[in-house]
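Inspection log for the structure reproduced underneath, given as structure tokens.
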Amino acid sequence: MEDGPEQEALFYIEGPDEDGCVWICSAQAGQWRHSMGPVDKVAGVLSQWLATLDDGESSFSGTQDE
């Protein structure tokens, strides 16, 4: 991580919506909003990513082999 001023997240996550999807949205209102997919799939990918932070891994692709 860089040594510089601390920055807030540039996004927030909302949902699930009525279709069960989770959304990632720009912290600046109206700039962008994208569906991340079904809540269970998003939760799995985010859990895997968070585990890589605990393990000290330097990168994570986010792809899932099913």
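Worth a mention:
- Selection of region 14-43 for residues being under 11 Å from the mean Cα position of the chain (by Cα) and part of a helix (DSSP H, G or I) yields Val42, Ala43.
- Hits in region 23-33 - residues which are out of contact with any Phe, Trp or Tyr (no Cβ under 7 Å at 6 or more places or on another chain) and either modelled with pLDDT of 95 or more or over 19 Å from Ala9 (Cβ atoms) (or both): Trp23, Trp32
- The single condition among (1) at pLDDT below 95; (2) over 11 Å from the mean Cα position of the chain (by Cα) that Leu50 does not satisfy is (2).
The values are calculated or read from the model by the stated rules, or taken from the named source; none is laboratory data. Everything quoted here is computed from the prediction, not taken from an experiment. Every residue, glycine among them, receives a Cβ derived from its backbone with ideal geometry; neighbour counts consider all protein chains shown.
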